[in-house]
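The values are calculated or read from the model by the stated rules, or taken from the named source; none is laboratory data. These numbers come from a predicted model, not from an experiment. FYI the Cβ positions are ideal-geometry reconstructions off the backbone, even for glycines, and counts take in every protein chain you see. Accessible surface is based on the protein model in full, side chains and every heavy atom, while ligands, DNA and RNA are left aside. Shrake-Rupley method; radii C 1.70, N 1.55, O 1.52, S 1.80 Å.
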Amino acid sequence: MNEDAYLWEKISSKTKSRFVFWLVRSVIKSSSLPLVGSANRFLSRRIDYHLFTFVNGMAISKSFQKCGSFPRIGEGCIMLHPEKLKLGNFVTLGNYVTMYNESKGNEIKIGDNTHIGDFTLISGVGGVEIGSNVAISSGVKIYSHSNDYKDENKLIVDQVKKGKISIGNN
């Protein structure tokens, strides 16, 4: 292995995605666009956002159990136990989406062409399956578990009810 390849492997995926984002953004900004003024600035910001979500998706999705083509993942997304996450093709996760699971929990499966809005939380402890062509609005909370406080002699942590949630295809 040459020195450049060795150094590239030592850089974190977040740093790599920022570098690629910067590189492509620089190429786009240096190209001559036929638009002027505020239209040019607007287009530049939109290109930046879409490019960022694509590059971020490619970097983060490598830790998923399965990931389809062209995932787009927004800024500030948190994936706890990503090895339990399966994404289909063309899935978009908005900014600050949180998906969590426990190491012994069930999987979170998201179908093709599905959009999950900003600030959405999905708990996959009991298992969550979201079909294809589904749009989930911003701020939605999906929990596949609940606490049952009937037995006063048990800890609350030991009284968790788990169940699978399925949202079908649209």
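Below 8 Å between Cα atoms, with a sequence gap of 6+, how large is the relative contact order for segment 48-170 in percent? Provide the component values of the computation, followed by the final result.
On the way: 322 pairs, mean separation 21.4, N = 123.
Taking the mean separation of contacting Cα pairs over the length of segment 48-170, I get 17 percent.
What's the ranking of 93-100, 74-81 by average number of surrounding C-beta atoms within 10 Å, highest first? Can you show the working numbers first?
On the way: 93-100: 20.5, 74-81: 16.4.
Averaged packing, sorted descending, gives the order 93-100, 74-81.
At 0.36 nm per residue, minus the direct Cα-Cα distance, what do residue 160 and residue 135 gain on full extension? Give it in nm, one decimal, please. Could the numbers behind the result be given before it?
Numbers: separation 25, 0.36 × 25 = 9.00 nm, distance 2.88 nm.
Separation in residues times 0.36 nm, less the Cα-Cα distance, equals 6.1 nm.
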Expected output is a single nm value to one decimal: the length gained when fully extending between residue 80 and residue 153, i.e. 0.36 nm times separation in residues minus the C-alpha distance. What is it? 23.2 nm
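Could you state the accessible area per residue of segment 119-170 in Å², with a 1.4 Å probe and every protein chain left in place? Can you show the working numbers first?
Details: 3360 Å² over 52 residues.
Accessible area per residue: 65 Å².
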Of every hundred units of 1.4 Å-probe accessible area on segment 54-170, the number belonging to carbon and sulfur atoms, as a percent, is 51 percent
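Counting other Cβ atoms within 10 Å of each Cβ, which trypsin sites (Lys or Arg not before Pro) in segment 65-162 have at most 13 and sit in a DSSP loop?
On the way: sites: 66, 72, 84, 86, 104, 109, 141, 150, 154, 161, 162; in loops: 104, 150, 154.
Answer by residue number: 104, 150, 154.
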